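Chemist: Let me give you the structure first, and then I'll get to my questions.
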Amino acid sequence: MNIVFFGSPQTAIPSLKALLKAGHSVPLVITQPDRPSGRGRNLKPCPVKKFAEKNKIPVLQPAKIRKDKECFNALKKINPDINVVAAYGQIIPSEIIYLPRYDSINIHFSYLPKYRGASPVQWALLNGEKKTGITLFRLNEKMDQGDILARKSVWIRQDENSMELEERLAEMSAPFLVETLSKIGTILPEPQDHTKATYAPLISKQDGRIKWEKTAESIYNQVRAFFPWPSSFTFFDKKRMKIIKTNDLNQKAETPVSPGEITNIDEKGITVGCGGNTLLLIEKLQPENKKAMSAHSFSLGARIKPGDTFE
């Protein structure tokens with residue numbers, strides 16, 4: 001098939017690789033513009049652009065694809081059989097969606113109609129889901145509401161964080177995409193049940209601040225969901241600290257503790273009281289302006305003792 005690929009982050013690359021390996025023609029990749037990065041604010045290309053250039057695939061980077069005539073004209077000239085969209089990052093206009101013979105297919109990391117939106121992996125973890133999924137659906141003008149072409153459910157592993165889960169879903173979606181495209185002309189699309197829709201809106205940096213009055217289970221899920229971005233953080237001695245890995249001890253304190261109160265310190269880490277008198281073990285953290293370390297190592301060098309309180 002003649003395919004135009006839309007994508008930007010690292011998680012889109014396995015699908016692009018799989019299309020090429022399967023023998024499909026990809027004459028054009030459309031991705032996000034280069035972004036300023038680092039202290040020097042030098043322009044940095046996204047991972048998909050780097051991959052495309054390495055494989056000598058032409059790239060277009062419209063700032064606003066809805067208003068970019070050059071992009072539309074290039075697509076029209078190519079006359080693709082289908083557009084494949086994988087975490088592209090912009091709203092694609094209808095004249096591009098419906099230009100190919102088989103329209104456009106989108107790869108979404110949830111079992112639609114659950115978790116429509118920009119952050120499905122993070123919200124699935126945040127809500128303590130045991131399962132998520134991969135959905136391939138026909139793109140339309142509404143956010144993640146197109147008819148379903150194929151989907152599969154995926155178990156979430158114990159202690160899996162958003163980076164690990166997203167990478168795993170990306171690898172799983174690649175062969176699933178190729179398999180689905182092989183029968184695209186015979187698949188009967190399934191309309192979504194919009195009454196069962198849930199949403200996964202964008203996450204902000206401030207969402208990462210830990211509220212110790214929540215239960216240990218809730219905070220444990222947050223830490224997994226927000227690694228590596230925006231990260232979960234708290235404050236100790238007025239200094240910001242990222243919490244990287246925790247363990248929900250699934251137990252309550254024997255005596256009442258205040259939310260954020262440190263109840264124990266040992267080689268396993270720092271135990272903290274949370275809402276509902278539940279206990280959370282911090283195993284790995286990153287103090288402000290320092291490298292990540294075990295919570296136990298931090299406790300050895302910091303003036304920290306049971307009875308102290310985060311925040």
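Chemist: Test of understanding: among K238, K245, which residue is exposed (fewer than 14 other Cβ atoms within 10 Å of the Cβ) and among the basic types (K, R)? Break it down stepwise before answering.
Modeler: Details: K245 fails: exposed (fewer than 14 other Cβ atoms within 10 Å of the Cβ).
Answer to the check: K238.
Chemist: Has segment 113-133 got at least one residue that is in contact with an Asp or Glu (Cβ under 8 Å, 6 or more places away or on another chain), part of a loop (DSSP other than H, G, I, E, B) and among the basic types (K, R)? Steps first, please.
Modeler: Within segment 113-133, the first condition is being in contact with an Asp or Glu (Cβ under 8 Å, 6 or more places away or on another chain), and the residues that meet it are 113, 116-117, 121, 125, 128.
Now restrict to residues that are part of a loop (DSSP other than H, G, I, E, B): 113, 117, 128.
In the following step, the residues that additionally are among the basic types (K, R) were identified as none.
Scanning segment 113-133, I find no residue that is in contact with an Asp or Glu (Cβ under 8 Å, 6 or more places away or on another chain), part of a loop (DSSP other than H, G, I, E, B) and among the basic types (K, R), so the answer is no.
Chemist: Within segment 1-93, considering only strands (runs of 3 or more DSSP E) that don't extend past its boundaries, which have at least 2 residues that are more than 18 Å from R138 (Cα to Cα)?
Modeler: In segment 1-93, the matching strands (runs of 3 or more DSSP E) lie at 25-30, 35-37, 42-44.
Chemist: Still on this structure, I have one more. Give the residue, chosen from A174, A150, that is buried (at least 17 other Cβ atoms within 10 Å of the Cβ), in contact (Cβ under 8 Å) with a residue 40 or more places away in the chain and either outside any loop (DSSP other than H, G, I, E, B) or within 13 Å of the chain's Cα centre (by Cα) (or both).
Modeler: Numbers: A150 fails: in contact (Cβ under 8 Å) with a residue 40 or more places away in the chain.
Among A174, A150, only A174 is buried (at least 17 other Cβ atoms within 10 Å of the Cβ), in contact (Cβ under 8 Å) with a residue 40 or more places away in the chain and either outside any loop (DSSP other than H, G, I, E, B) or within 13 Å of the chain's Cα centre (by Cα) (or both).
Chemist: Being buried (at least 17 other Cβ atoms within 10 Å of the Cβ) and more than 22 Å from A170 (Cβ to Cβ) narrows it down to one residue among L99, L112, L125; which is it?
Modeler: Exactly one of L99, L112, L125 is buried (at least 17 other Cβ atoms within 10 Å of the Cβ) and more than 22 Å from A170 (Cβ to Cβ), namely L99.
Chemist: In this structure, does S104 turn out to be over 15 Å from the mean Cα position of the chain (by Cα) and either more than 29 Å from P33 (Cα to Cα) or surrounded by fewer than 20 Cβ atoms within 10 Å (Cβ to Cβ) (or both)?
Modeler: no
Chemist: Restricting the first residue to segment 276-299 and requiring it to be at negative phi, which pairs with a second residue that is of a type in the set (V, I, T) and modelled with pLDDT under 95 meet a Cβ separation below 9 Å and a spacing of at least six or different chains?
Modeler: L279/V257; F298/I304
Chemist: Let me ask something else about it. Just checking, does segment 90-107 include any residue being of a type in the set (A, V, I, L, M, F, W, C) and farther than 23 Å from K76 by Cα?
Modeler: Let us first name the residues in segment 90-107 that are of a type in the set (A, V, I, L, M, F, W, C), namely 91-92, 96-97, 99, 105, 107.
Subset that is farther than 23 Å from K76 by Cα: none.
No.
Chemist: Could you check segment 205-311 for strands (runs of 3 or more DSSP E) lying wholly inside it with 2 or more residues that are at pLDDT 95 or above and among the hydroxyl-bearing types (S, T, Y)?
Modeler: 232-236
Chemist: If you don't mind, there's one more thing I want to ask. Looking at V48 and the list (1) under 18 Å from the mean Cα position of the chain (by Cα); (2) modelled with pLDDT under 95, which single condition is not satisfied?
Modeler: (2)
Yes/no matrix, rows are residues, columns are (1) free of Cβ contacts under 8 Å to residues at least 24 places away in the same chain; (2) over 25 Å from L181 (Cα atoms):
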| residue | (1), (2) |
| --- | --- |
| I3 | no, no |
| P27 | no, no |
| L43 | yes, yes |
| V48 | no, no |
| I57 | no, no |
| A63 | no, yes |
| K67 | yes, yes |
| F72 | no, no |
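Chemist: Can we say P256 is buried (at least 16 other Cβ atoms within 10 Å of the Cβ), farther than 18 Å from Q122 by Cβ, not hydroxyl-bearing (S, T, Y) and not assigned by TED's automatic domain parsing to the domain that holds D147? Write out each step before concluding.
Modeler: On the way: buried (at least 16 other Cβ atoms within 10 Å of the Cβ): no; farther than 18 Å from Q122 by Cβ: yes; not hydroxyl-bearing (S, T, Y): yes; not assigned by TED's automatic domain parsing to the domain that holds D147: yes.
Taking the combined requirement at face value, the residue does not satisfy it.
The values are calculated or read from the model by the stated rules, or taken from the named source; none is laboratory data. The structure displayed is predicted, hence computed values, not measured ones. For neighbour counting, all protein chains shown are included, and Cβ atoms are generated from backbone atoms with ideal geometry for every residue, glycine included.
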